[in-house]
Amino acid sequence: MTSPRHAVAAVVADGIDYEWIAVSAHEIGHLVAWRAGGFAAGPATVTKGLFGGVGRGDCPSGARGVVDEHNIDAYLVGCAAGAVTQKRCSKLYLRGRCGSWWSTGCSADRAAFRRMRRSWRRPMSWGQAERKAAALLERHARRLDELTIRIATTGAARY
């Protein structure tokens, strides 16, 4: 059986667009982090745009109405997890190419992070959330790679 790391490299070698893989990894990062935080996240999806490139990536957090003082930090970490996983995938498999507008994380993720951090009066910065996400996701590296392959080749993944 091929290891996920080699399988991701094979998907890249098969010619799947770098941006498609980067966005896939981004959405999988949210999925895994929010699930680890106890949210009913997913499914993560990536859709094709009008001209065949990436149209949209999405991963519902499953947090609507269930965020409280006990899990708000997990929600915030999940917001940053997309950017963290995308950067990881870029470094390991995409020769540092992160994709054009996804290079530092989606603006919608940062906006959700800021909105929830403010409304819950949490002192966590985006950088702190990224570091916590990196530590969490390191424990799930194999699963991240497996799910990134799945979403990159099929357009959707559940966890």
Next item on the list: Considering Cα pairs under 8 angstrom that are at least six residues apart, work out the relative contact order of the range 1-76 and quote it in whole percent.
Entry: 26 percent
Next item on the list: Compute the FRET efficiency between residue 142 and residue 64 as 1/(1 + (r/R0)^6), taking r as their Cβ-Cβ distance and R0 = 30 Å, and round to the nearest 0.05.
Entry: 0.50
Check: In whole Hz, what ³J(HN,Hα) sequence does the range 113-120 give by Karplus (6.51, -1.76, 1.60; θ = phi - 60°), x for Gly and Pro?
Finding: 4, 4, 4, 6, 4, 5, 5, 9
Margin query: Quick check on packing: order 26-32, 79-85 by the mean number of other C-beta atoms within 10 Å, highest mean leading.
Written below: 26-32, 79-85
Next item on the list: Please tell me the relative contact order of the range 38-136 in percent, rounded to the nearest whole number, where contacts are Cα pairs under 8 Å and at least six residues apart.
Entry: 26 percent
Item checked: Theoretical FRET efficiency, 1/(1+(r/R0)^6), r = Cβ-Cβ of residue 111 and residue 158, R0 35 Å, to 0.05 -> 0.85
Next item on the list: Any chance you could check the Cα centroid distance between the range 61-83 and the range 133-156 for me, in angstrom?
Entry: 18 Å
Next item on the list: Note the angle between two axes, namely the Cα long axis of helix 4-13 and the longest principal axis of the Cα atoms of the chain, as a number of degrees from 0 to 90, rounded to the nearest 10.
Entry: 60 degrees
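Bear in mind these aren't lab numbers, they're just calculated from the coordinates by the rules spelled out. Just so it is clear, the model here is predicted, and its values are computed rather than measured. A quick note on method: Cβ atoms are made from the backbone with ideal geometry, for glycine too, and the neighbour counts reach across all protein chains shown.
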